[in-house]
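K.L.:
Quick one: structure below, then a few questions.
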Amino acid sequence: MKAPSRRIWIAGLCLALIVALLSPLASPHPDGLERVAEDQGFIQRALDAPYHLIADYVFPGISNEAAATILAGIVGTLLVFGITWGLAAALRRREGAQKRV
Amino acid sequence: MHIPDGFLNPATLAATWVASSGSVGYGVHRLRRELDERQVPLMGVTAAFIFAAQMMNFTVAGGTSGHLLGGALAAILLGPWAAMLALTSVLAVQALVFQDGGLLALGANIWNMAVVGVLVAWAVYRALARLWGQKTWGQALAAFLAAWTSVFVASLMASVELALSGASPWRVVLPAMGGVHALIGIGEGIITLATLALVRAVRPDLLLRRRTSDVGGAL
């Protein structure tokens, strides 16, 4: 098997970023759990987060909500990409190190 | 179905943290032995795509929406242990940066979606692909049912935690959560199939390569 080429993972990342660009089109309705929590009257048990960074996928300080959502999506997509790649690479490297011993 | 803080009681929070850290820890242990270098970029891309796709809520019925969880997609593309780690990093970023899902409830969300969601998807996919995997329609149906089942079972797991925490009685929360997620699971199945079809069209070897390998992964 050939290794996934750089072109293919860049294409995959671009696809993820395109989905992030479309995120303002997402359904505004509450999700399944929120709906059940509202219907069954336990939604008020939810506590507010102790801090807010990019809460509710709206990048702070941007008045245009669609733009703020898109920016939040792009930041999150790249962050998840980098963190997951880093974790995977760290695990992989350790295995390589053991093999050389 | 990201559970916010406040829904679950301390005992349930503690139990789900223990269960999810143990499971992810075991997954990491397996990856240290098995993770193929060539999988590293694919893990990053899959996690990034799932994060973005989770922002795309789709309407199901009665003013309710759902979104992809991605457990089946990740398990089929990456195998169960790498999928578990990819989903865990998605959920951690959502809780820490986007305030989506509670910080204390992160253990429960990892347990429901990254551990149970992934392992159920993997088990269903493995069993059905073994039966029908020679045919393209068989692989597709296996992937669809793995996706649907993973969402449905993850929602039942969340219901159990809510009931144990006294948020809502068993007889109410189980059918309510199961019912709405039976619908959301159809969307999960369609998005999972569409994404796998795209991967298959562009790089079929990503789906076929682990057939003979010990890592797990597709078929």
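K.L.:
When residues of the range B:142-191 are filtered for being among the hydrophobic types (A, V, I, L, M, F, W, C) and not in a helix (DSSP H, G or I), how many remain?
P.N.:
The total comes to 1.
K.L.:
Residues of the range B:46-64 being in a loop (DSSP other than H, G, I, E, B) and on the phi < 0 side of the Ramachandran plot, which ones?
P.N.:
If the condition is that a residue be in a loop (DSSP other than H, G, I, E, B) and on the phi < 0 side of the Ramachandran plot, then B:MET55, B:MET56, B:ASN57, B:VAL60, B:ALA61, B:THR64 are the ones that fit.
K.L.:
What number of residues within the range B:77-92 satisfy the criterion of being of a type in the set (Val, Ile, Thr) and either open to solvent by 10 Å² or more (accessible area, probe 1.4 Å) or within 18 Å of B:ARG126 (Cβ to Cβ) (or both)?
P.N.:
1
K.L.:
I would also like to ask the following. So for the range A:6-22 (the condition being farther than 26 Å from B:ARG38 by Cα and either of a type in the set (A, V, I, L, M) or surrounded by fewer than 19 Cβ atoms within 10 Å (Cβ to Cβ) (or both)), does at least one residue qualify?
P.N.:
Yes: the range A:6-22 contains one or more residues that are farther than 26 Å from B:ARG38 by Cα and either of a type in the set (A, V, I, L, M) or surrounded by fewer than 19 Cβ atoms within 10 Å (Cβ to Cβ) (or both).
K.L.:
Follow-up. I'd like the full set of residues that are among the polar types (S, T, N, Q) and in contact with a Ser or Thr (Cβ under 9 Å, 6 or more places away or on another chain), limited to the range A:28-82.
P.N.:
A:GLN40, A:THR69
K.L.:
Something else now. In the range B:169-182, what count of residues is obtained for those that are within 24 Å of A:SER27 (Cβ to Cβ) and in contact with a helix residue (DSSP H, G or I) (Cβ under 8 Å, 6 or more places away or on another chain)?
P.N.:
Qualifying residue count for the region: 7.
K.L.:
Could I ask something else about it? Name the single residue, out of those in the range A:35-59 being more than 8 Å from every other protein chain (Cβ to nearest Cβ) and assigned to a helix (DSSP H, G or I), that is farthest from B:GLY66 (Cα to Cα).
P.N.:
A:GLN44
K.L.:
Now for a separate question. Being of a type in the set (D, E, K, R) and touching a Gly at 6+ places or on another chain (Cβ under 8 Å) is the filter here; which residues of the range A:1-53 pass it?
P.N.:
A:ASP31, A:ARG35, A:ARG45
K.L.:
Condition first: modelled with pLDDT of 95 or more, within 10 Å of chain A (Cβ to nearest Cβ), open to solvent by 50 Å² or more (accessible area, probe 1.4 Å) and touching a helix residue (DSSP H, G or I) at 6+ places or on another chain (Cβ under 7 Å). Can you find one or more residues in the range B:134-145 that meet it?
P.N.:
No, the range B:134-145 contains no residue that is modelled with pLDDT of 95 or more, within 10 Å of chain A (Cβ to nearest Cβ), open to solvent by 50 Å² or more (accessible area, probe 1.4 Å) and touching a helix residue (DSSP H, G or I) at 6+ places or on another chain (Cβ under 7 Å).
K.L.:
Any idea how many residues of the range A:52-71 are open to solvent by 80 Å² or more (accessible area, probe 1.4 Å) and aromatic (Phe, Trp, Tyr)?
P.N.:
Selection size over the range A:52-71: 0.
K.L.:
Have a look at B:ALA72, B:ALA11, B:ALA47, B:ALA15 and point out the one that is within 8 Å of chain A (Cβ to nearest Cβ) and among the small types (Gly, Ala, Ser).
P.N.:
B:ALA47
The values are calculated or read from the model by the stated rules, or taken from the named source; none is laboratory data. On a predicted model such as this, the values are computed, not experimentally measured, just so you know. Positions of Cβ are generated from backbone atoms using ideal geometry, with glycine treated the same way; all protein chains shown enter the neighbour counts. What goes into the accessible areas is simple: the full protein's heavy atoms, side chains included, and nothing from ligands, DNA or RNA. Shrake-Rupley method; radii C 1.70, N 1.55, O 1.52, S 1.80 Å.
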